[in-house]
């Protein structure tokens, strides 16, 4: 059975997001029937459709104003998904720049060390009555559906969540994803691109509590809106935006930190 495995090569993925992939090329890389594979992938958040004999990610044909994005942030009790777990997760679902839904939950866990509690403000006591990891992830995956997954340093959040899904017996994510750092580097001139720095320099979220999931999601949401507003490229659909975030020219960073100049020690 095709599970936990999206084995298409990079060239095929590129074609699915742009010019299309022929049926024969798609079939060559899967072990199950094409129809079954498409259904499994869709359950994992990835919708591949057929247009004029070629296969594409459906996000190639969704106008930006109709596309749904999901901005996600997690807090964890450590950085290694084989040893640690999610202790808080939050997300905002966005359509045409507007928040249309939200998700937020602490996660029951057995250990949060003092260092993590100092960074996040989350203690073991805070999570004792929270739902289990499996319950939270099942609800989150239902919430996420087939939206485009956005996070600040998306690789960490995406991979960690996928690993946790597998840990509790669920299928990992296959949603199309976009990194808000990469997009900001191509649309906003900044000395640094850490979320806390961007918030300080751009005043994105005046009430931010850094390293709390919903607060960081709100900051990333404001950053995403600003990046879209300042993008000078022609962006017609989410695949255009994903491509630009990876291949567009990065803006030149200032040589000196403007925040230090404003607030010299």
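The values are calculated or read from the model by the stated rules, or taken from the named source; none is laboratory data. These figures come from a predicted structure and were not determined experimentally. Neighbour counts are summed over all protein chains in view; Cβ atoms, including those assigned to glycine, are modelled from backbone coordinates with ideal geometry.
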- The one condition residue 73 fails out of (1) within 30 Å of residue 234 (Cβ to Cβ); (2) surrounded by fewer than 20 Cβ atoms within 10 Å (Cβ to Cβ); (3) assigned by TED's automatic domain parsing to the domain that holds residue 165 is (2)
- Task: Could you please give the count of residues in the range 233-258 that are more than 19 Å from residue 179 (Cβ to Cβ) and free of Cβ contacts under 8 Å to residues at least 24 places away in the same chain?
- Result: 2
- Within the range 132-153, restricting attention to residues that are in contact with a strand residue (DSSP E or B) (Cβ under 9 Å, 6 or more places away or on another chain) and in a loop (DSSP other than H, G, I, E, B), which residue is farthest from residue 213 (Cα to Cα)? 146
- Does residue 97 fit the bill of being surrounded by fewer than 18 Cβ atoms within 10 Å (Cβ to Cβ), closer than 26 Å to residue 155 by Cβ, touching a residue at least 24 places away in the same chain (Cβ under 8 Å) and over 18 Å from the mean Cα position of the chain (by Cα)? no
- Message: For the range 40-60: of the residues being at pLDDT 95 or above and over 20 Å from the mean Cα position of the chain (by Cα), which is surrounded by the fewest Cβ atoms within 10 Å (Cβ to Cβ)?
- Response: 51
- Note on the structure: Residue count, the range 114-126, condition surrounded by fewer than 19 Cβ atoms within 10 Å (Cβ to Cβ) and part of a helix (DSSP H, G or I), comes to 8
- Does the range 79-90 contain any residue that is loosely packed, with under 15 Cβ neighbours inside 10 Å, touching a strand residue (DSSP E or B) at 6+ places or on another chain (Cβ under 8 Å) and under 24 Å from residue 181 (Cα atoms)? no
- Collect the residues in the range 20-44 that are touching a helix residue (DSSP H, G or I) at 6+ places or on another chain (Cβ under 6 Å) and in contact (Cβ under 8 Å) with a residue 24 or more places away in the chain, keeping them in residue-number order. 21, 30
- Message: Given the options 175, 129, name the one that is in contact with a strand residue (DSSP E or B) (Cβ under 9 Å, 6 or more places away or on another chain) and free of Cβ contacts under 8 Å to residues at least 24 places away in the same chain.
- Response: 129
- Per-region count, the range 79-93, residues within 21 Å of residue 128 (Cα to Cα) and in contact with a helix residue (DSSP H, G or I) (Cβ under 7 Å, 6 or more places away or on another chain): 7
- Can you find a residue in the range 153-168 that is closer than 27 Å to residue 237 by Cα and in contact with a helix residue (DSSP H, G or I) (Cβ under 7 Å, 6 or more places away or on another chain)? yes
